[in-house]
Amino acid sequence: LETEVFPFKSPDNGIITNLPILDVAYYPEERGQYNFNPAATNNILPNPSQSWGGIMREVQTTDFESSNIEFIQFWVMDPFHDEDGNPTHSGGQLFFNLGNISEDILKDSRKSFENGLPTSPIDYITGANINLVDTTIWGRVPTVQVLVNAFDNVESTRPFQDIGLDGLNDADELVFFGNTWGPDPSGDNYHHYRGSNYDADTVNILNRYKQFNGMEGNSPTSNNFGEDFSTSATTRPDIEDLNQNNNLDFRENYFQYVINLNPNDVSPTNVGNNFITDVLEANVRTRDGRNRMVRWYQFKIPIREPQQVIGEIQDFKSIRFMRMVMKGFSEKIILRFARLD
């Protein structure tokens, strides 16, 4: 509930509402999408503390100076509480990047976008559709330019386009990369969190979302849901051009901020350090009927005091992207953000 984190806020119309949250789960020992680390065994990475995982998005208000934006501010639930996490967790670091960040997820200097792929099979024997794609070390990229960010209207073409940024379905991935990586070599398959097979196997809530960010098959048509409800994560094609300006940005010019995430640095006794400005302890009633204490921390990062400046960025007049990276963790960690501004 909203009052759990903001107990003194007056709810609109006197109705207490649920607060939308952002849950970020990081599994450093598991191979992620399009990660072909040759040291991985059965999709498990040998040195998880050397791995990293990140998410990024475009920034709508790019001129931070005119908009008087001064902080990255967020509330996060204690990730090391003995009921929600591991109080002896070895920890790691959380990075924030603000500025111009490369959109080239698959490093090939080519723009990958699903709706530019052929709407029928590619056949190298007959030559069908081979002129519509180029081959890179990652897979296939379209050679055509598409200005409308939408799939083809004919439903039967969806399986040929909704196959991820590598431009390969599972069968093509096996041909392209071999069977070293299992039946889904690119690791990009999508699975809806409400799948009936998950119900049959009583899969827990965290594992239900592990493949929800997969890009292959995440936009099925109504005839291909496979369930009696919509299993589509999005109706739009996956594309590297995040801000959809029809250009792929390759620059890496940004301000960097680092937070230490471990039981010692994220502690009620450490308020005033590590960008922690407040701590809130709330007694809540959980869905299983128990009453328990939940601790929330407020972090407030002054953006004009970066720990590091990458590239040639000099001011905050054109902040086009934000990236959040987790690194240095040797075991899984779950971050539950109540607000991230």
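Taking only the range 210-229 into account, find how many residues are exposed (fewer than 15 other Cβ atoms within 10 Å of the Cβ), within 22 Å of V24 (Cα to Cα) and of a type outside the set (A, V, I, L, M, F, W, C).
Result for the range 210-229: 2.
I want to confirm something. Restricting to the range 39-60 and keeping residues that are under 22 Å from S318 (Cα atoms) and modelled with pLDDT of 95 or more, which single residue is surrounded by the most Cβ atoms within 10 Å (Cβ to Cβ)?
V59
F255 is checked against (1) among the hydrophobic types (A, V, I, L, M, F, W, C); (2) part of a helix (DSSP H, G or I); (3) within 30 Å of S318 (Cα to Cα) and fails just one. What number does that condition carry?
(2)
What are the residue pairs meeting all of these: first residue in the range 56-77, first residue within 16 Å of R320 (Cα to Cα), second residue of a type in the set (G, A, S), Cβ atoms under 6 Å, and 6 or more apart or on different chains?
T61/S67; T62/S318
Quick one: count up the residues across the range 129-163 that are part of a helix (DSSP H, G or I) and of a type outside the set (D, E, K, R).
Total satisfying the criteria: 8.
Condition check: surrounded by 13 or more Cβ atoms within 10 Å (Cβ to Cβ) and within 30 Å of S49 (Cβ to Cβ). Does I259 satisfy that?
For I259, the condition - surrounded by 13 or more Cβ atoms within 10 Å (Cβ to Cβ) and within 30 Å of S49 (Cβ to Cβ) - is met.
Given the range 24-128, what strands (runs of 3 or more DSSP E) lie entirely inside it while holding 1 or more residues that are in the same structural domain as L280 (by TED's automatic domain parsing) and more than 21 Å from the chain's Cα centre (by Cα)?
71-77
Return the pairs, sorted by first residue and then second, in which the second residue is part of a loop (DSSP other than H, G, I, E, B), the first residue lies in the range 15-26 and is more than 15 Å from M324 (Cβ to Cβ), the beta carbons are less than 9 Å apart, and the residues are 6+ apart or on different chains.
I16/L1; T17/L1; T17/P11; N18/L1; L19/L1; L19/F6
Go through the range 304-331 and report how many residues are surrounded by 14 or more Cβ atoms within 10 Å (Cβ to Cβ) and at positive phi.
1
The values are calculated or read from the model by the stated rules, or taken from the named source; none is laboratory data. Since this is a predicted model, take the numbers as computed values, not measurements. Every residue, glycine among them, receives a Cβ derived from its backbone with ideal geometry; neighbour counts consider all protein chains shown.
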